[in-house]
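Chemist: Pasting in a structure now, in structure tokens, and then I'll have a few things to ask.
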Amino acid sequence: MSPLADQYYNSALHKVAAAREANARVLEECAALIGASIAGGGMLHVFGSGHSEVIAREIIGRAGGLACVTGILDPTGGFIENLVGYGTTLAERHDRQHELRPGEVIIVISNSGKNSAPLEVAHYAKAKGLHVIGLTSLQMSQTAKTVHPAGKNLHAVADHVLDNLGVPGDTLIDIGDGTFSGPTSTLVGGMLLNLLMLGVIDWLRAHGHTPPLLRSQNLPGAIEHNRLVGEPYKHRLTRQLA
């Protein structure tokens, strides 16, 4: 293994462990919030623009995940995420087609916390009465100037904040010529979301509810199971279950 890869591996493992500890209280609070919403028939919504969509996608239609997770999709892949008004349009379209209901929860993901589309999705959801969880680098969100005219970054808009402990630039490893590599936002963000989902599952079971869990379609009988468990949610999913 290369020295740079070894350095990244050790640093990234440390950051994952540190992020778990730093976010323990918020993870517990948010698991209860999401669990109560799901127990009442609600959906969990998630949005990430650009590379943050990779993190959001981790919990949508996931084997072993909750069937009631749906995503706000950006067909441009974040290409125009700083066009003011575009994020609002995305949220409005999702609301018309799949509904954003008061009391539900949305997770908005933006490593920098400053870009327009995720901020507008968060503002729209709050105005609709949803609880907003922001997944961001708190260090970045607190220091990077937002491009949105409302003037607030994600950490200041969200009701709850999960901090991926990312550094400005999202890279850990100095490769020796003043440039850096080794990003962490996807690795840590995906871990935090999976910890949160398992917390939701724990909450549902502890309160007498059966979590609507999906199975890998590679297992016998899984497609039939997934159709059954997804039936109550299928009209609200942006990704239809097989």
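Chemist: Here's a check for you: in segment 81-90, which residue that is within 19 Å of Leu135 (Cα to Cα) and in a loop (DSSP other than H, G, I, E, B) is nearest to the chain's Cα centre (by Cα)?
Modeler: Among them, the one singled out is Glu81.
Chemist: If Met140 satisfies all but one of (1) outside any helix (DSSP H, G or I); (2) at pLDDT below 95, what's the number of the condition it fails?
Modeler: Unmet condition: (1).
Chemist: Looking at segment 1-49, which of its residues are outside any helix (DSSP H, G or I), surrounded by fewer than 20 Cβ atoms within 10 Å (Cβ to Cβ) and at pLDDT below 95?
Modeler: Met1, Ser2
Chemist: Within segment 84-109, count every residue that is surrounded by 18 or more Cβ atoms within 10 Å (Cβ to Cβ) and among the β-branched types (Val, Ile, Thr).
Modeler: Summing the residues that are surrounded by 18 or more Cβ atoms within 10 Å (Cβ to Cβ) and among the β-branched types (Val, Ile, Thr) in segment 84-109 gives 5.
Chemist: If you scan segment 160-189, which residues turn out to be at positive phi and among the charged types (D, E, K, R)?
Modeler: Asp170
Chemist: Just for segment 161-190: of the residues that are of a type in the set (A, V, I, L, M, F, W, C) and touching a strand residue (DSSP E or B) at 6+ places or on another chain (Cβ under 7 Å), which one is farthest from Ala19 (Cα to Cα)?
Modeler: It comes out as Ile175.
Chemist: Can you name the residue in segment 50-80 that is assigned to a loop (DSSP other than H, G, I, E, B) and of a type in the set (A, V, I, L, M) and, of all such residues, is farthest from Gly151 (Cα to Cα)?
Modeler: The extreme case among them is Ala63.
Chemist: Which residue pairs have Cβ atoms closer than 6 Å, lie 6 or more positions apart in sequence or on different chains, and pair a first residue in segment 91-114 that is part of a loop (DSSP other than H, G, I, E, B) with a second residue that is surrounded by 24 or more Cβ atoms within 10 Å (Cβ to Cβ) and of a type in the set (Ser, Thr, Tyr)?
Modeler: The qualifying pairs are Ser110/Ser52; Ser110/Thr136; Asn111/Ser137; Asn111/Ser185; Gly113/Thr136; Gly113/Ser141.
Chemist: What's the number of the only condition in (1) part of a strand (DSSP E or B); (2) over 18 Å from Ile34 (Cβ atoms) that Val188 fails to meet?
Modeler: Condition (1) is where Val188 drops out.
Chemist: Does segment 147-160 contain any residue that is closer than 23 Å to Ala17 by Cβ and either acidic (Asp, Glu) or without any contact (Cβ under 8 Å) to a residue 24 or more places away in the chain (or both)?
Modeler: Checked segment 147-160: no residue is closer than 23 Å to Ala17 by Cβ and either acidic (Asp, Glu) or without any contact (Cβ under 8 Å) to a residue 24 or more places away in the chain (or both).
Chemist: Are any of the residues in segment 151-160 out of contact with any His (no Cβ under 8 Å at 6 or more places or on another chain), surrounded by fewer than 17 Cβ atoms within 10 Å (Cβ to Cβ) and not basic (Lys, Arg)? Full working, then the answer.
Modeler: Quick first cut of segment 151-160, residues out of contact with any His (no Cβ under 8 Å at 6 or more places or on another chain) only: 151-156, 158.
Of the ones still in play, those that are also surrounded by fewer than 17 Cβ atoms within 10 Å (Cβ to Cβ) are 151-152, 156.
Filter again for not basic (Lys, Arg), leaving 151, 156.
Yes: segment 151-160 contains one or more residues that are out of contact with any His (no Cβ under 8 Å at 6 or more places or on another chain), surrounded by fewer than 17 Cβ atoms within 10 Å (Cβ to Cβ) and not basic (Lys, Arg).
Chemist: Please state which one of Gly134, Gly78, Gly65 is modelled with pLDDT under 95, within 16 Å of the chain's Cα centre (by Cα) and small (Gly, Ala, Ser).
Modeler: Checking each option against the conditions leaves just Gly78.
Chemist: Can I ask one more? Out of Gly176, Gly129, which single residue is out of contact with any Phe, Trp or Tyr (no Cβ under 9 Å at 6 or more places or on another chain), of a type outside the set (S, T, N, Q), modelled with pLDDT of 95 or more and part of a loop (DSSP other than H, G, I, E, B)?
Modeler: Being out of contact with any Phe, Trp or Tyr (no Cβ under 9 Å at 6 or more places or on another chain), of a type outside the set (S, T, N, Q), modelled with pLDDT of 95 or more and part of a loop (DSSP other than H, G, I, E, B) holds for just one of Gly176, Gly129, which is Gly129.
Chemist: Residues that are more than 22 Å from Gly134 (Cα to Cα) and either touching a residue at least 24 places away in the same chain (Cβ under 8 Å) or exposed (fewer than 15 other Cβ atoms within 10 Å of the Cβ) (or both): does segment 181-189 have at least one?
Modeler: yes
The values are calculated or read from the model by the stated rules, or taken from the named source; none is laboratory data. It should be emphasised that the depicted structure is a prediction, and the values quoted were computed from it without experimental measurement. Virtual Cβ from ideal backbone geometry, glycine too; neighbours counted across all protein chains shown.
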